[in-house]
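> My questions will all concern the structure given below.
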Amino acid sequence: MSSPLGVGKNFPEDVEGSSASGSTVTDFTRPTDLPYEKRLIIHGRQYIDTTETTEEASMTTAEADDKQMVSFVVADLHDKIRSSTSSPPCSDSLGKASTTTSSGSPTPYPPLLPDPNVLIDLEVNATIISNSLDQILREFRGSLHGMTDLTVESMECYTSAIGKTCDNVDGAIKSTYQLLAKSEELCQVMKPVPKLAQQIKEIKRVLDLFESHLQKSIG
């Protein structure tokens, strides 16, 4: 028969921890003799599920005694399996943490209240950051306005320079055309000049002859 302190051979190292919970844990010396569905492995140790019917539990205990097995009491085997294989939820760290007593009933801790000083510091720091961000945005907006004004002024200066340059080039082109027209007119006016030059030469020749005859007649 099983007892809280165990029956059979020497106890394993966790006898005291297991007997304190008031439940049955069976450490098999020959675990392969039982069916697969009746053997549970938790961290390298094999357990028998004691949530069966009374008849099956008594048969299991009798077989364990016949085969010189060591039995311990583990009534909350399923709870221990779930707690050993699953991690606690995140909400436990926010004030809902609880501990399990030797009887298996959870003992809730009082909820953790936030520190008012921490909240005040957070509010002050958030206000400082908000003011700094607002100041940065205002300065950035002013810089953008200044850059926009400079860009508009530069575009206006560029447009004015281009317009004046175009006007000057247009005036230069017009003056060039006028000069060409005057040059053509001058060419037309200068056409009789060679003939006039020939006449002047002829007059000079006649004057030279007249002068020579006059000198001969006087001399």
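Each value in this text was obtained by applying a stated rule to the coordinates, not by laboratory testing. Everything quoted here is computed from the prediction, not taken from an experiment. We place every Cβ from the backbone using ideal geometry, glycine too, and count neighbours over all the protein chains shown.
> Working out 0.36 nm times the residue gap between Arg205 and Glu184, then minus their Cα-Cα distance, what length gain in nm do you get to one decimal?
4.2 nm
> Suppose the chain between Glu156 and Leu112 were pulled fully straight at 0.36 nm per residue; how much longer would it get relative to their current alpha carbon spacing?
Full-extension gain reported as 9.2 nm.
> With all distinct Cα pairs included, what does the Kirkwood hydrodynamic radius of the range 116-189 come out to in Å, to one decimal, could you say?
18.2
> Would you mind computing, in nm to one decimal, how far apart the modelled labels at Val193 and Asp121 are, each placed 7 Å from Cα along Cα→Cβ?
10.3
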